[in-house]
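I have placed the structure first, in the form of structure tokens, so that the comments after it can refer back to it.
The values are calculated or read from the model by the stated rules, or taken from the named source; none is laboratory data. Only a predicted model underlies this, so the values are computations on that prediction, with no experimental measurement involved. Reconstructed Cβ throughout: ideal geometry from the backbone, glycine too, with neighbour counts over all protein chains shown. Accessible surface areas use protein heavy atoms only, side chains included; no ligands, DNA or RNA. Shrake-Rupley method; radii C 1.70, N 1.55, O 1.52, S 1.80 Å.
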Amino acid sequence: TMPEDRYSSFKELYRAERDGTDYQKLVVRRGSHCLIMAPHGGRIESGTSELAKAVASEEHSLFLFEGIRKRPHSDLHVTSHLYDDEDAVEIARDHAVLVAFHGRKDRDDPVTVHVGGLDETTRDTIVNELVSEGFGAAVGSGELAGVHANNICNRGSRSMGVQLEIPKSLRDDLLSKPDLLEKF
């Protein structure tokens with residue numbers, strides 16, 4: 001089971017934490033039907049902001065919520081199905097295809113990207129593309145399945161989306177090897 005989050009909503013978090021000191025947000029709307037998100041970016045799940053920015057490039061819309069303080073950054077984690085940040089919900093609603101990047105602990109598997117969400121067509125396409133490029137990828141199950149209707153990745157205009165749970169070792173590799181990141 002996952003540790004309990006300190007905050008069960010952004011309303012709670014925003015009462016206690018300061019914009020620009022504890023966290024920052026980036027909301028970029030581009031003329032794309034696709035939104036790339038890092039709901040737990042910055043220091044919360046390290047590397048996810050960088051991956052989201054790289055994948056969005058100059059083409060797709062982008063939403064980042066980033067922990068920027070040095071103290072326990074896991075405190076700034078609001079679980080995906082309770083993700084009620086108004087900017088996130090609003091930009092999500094305006095896009096048909098949502099892809100959210102998350103970080104997971106390696107545990108006993110430092111390579112496999114678990115791809116979940118209710119958009120099964122896009123999910124399966126991403127799994128197949130990753131595998132064909134030589135990455136480890138599988139459909140997420142259990143707590144990595146991303147199938148809760150309120151999961152922020154599923155709050156798009158079609159009420160479905162995709163989330164990628166990327167192990168720490170792979171995130172570190174992607175950030176230290178530009179050619180690997182390009183391939184990803």
Notebook entry, point to check: Restricting the search to segment 69-90, which residues are modelled with pLDDT under 90 and surrounded by 15 or more Cβ atoms within 10 Å (Cβ to Cβ)?
Noted result: Arg69, His73, Asp75
Margin query: For the list (1) open to solvent by 40 Å² or more (accessible area, probe 1.4 Å); (2) in contact (Cβ under 8 Å) with a residue 12 or more places away in the chain; (3) over 14 Å from Cys153 (Cβ atoms), I need the number of the one condition that Arg93 fails.
Written below: (3)
Notebook entry, point to check: What are the residues in segment 126-156 that are modelled with pLDDT of 95 or more, out of contact with any helix residue (DSSP H, G or I) (no Cβ under 9 Å at 6 or more places or on another chain) and open to solvent by 70 Å² or more (accessible area, probe 1.4 Å), if any?
Noted result: Asn128, Glu129, Val131, Ser132
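For (1) within 21 Å of Leu175 (Cβ to Cβ); (2) β-branched (Val, Ile, Thr), each residue gets a yes or a no:
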{"residue": "Tyr23", "(1), (2)": "yes, no"}
{"residue": "Val27", "(1), (2)": "no, yes"}
{"residue": "Arg30", "(1), (2)": "no, no"}
{"residue": "Cys34", "(1), (2)": "no, no"}
{"residue": "Met37", "(1), (2)": "yes, no"}
{"residue": "Ile44", "(1), (2)": "yes, yes"}
{"residue": "Glu50", "(1), (2)": "yes, no"}
{"residue": "Ser61", "(1), (2)": "no, no"}
{"residue": "Arg71", "(1), (2)": "no, no"}
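To keep it simple, each residue is scored yes or no on (1) closer than 20 Å to Leu118 by Cβ; (2) in a loop (DSSP other than H, G, I, E, B).
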site: Ile36; (1), (2): yes, no
site: Gly41; (1), (2): no, no
site: Glu45; (1), (2): no, yes
site: Glu50; (1), (2): no, no
site: Phe63; (1), (2): yes, no
site: Glu66; (1), (2): no, no
site: His81; (1), (2): yes, no
site: Asp87; (1), (2): no, no
site: Ala92; (1), (2): yes, no
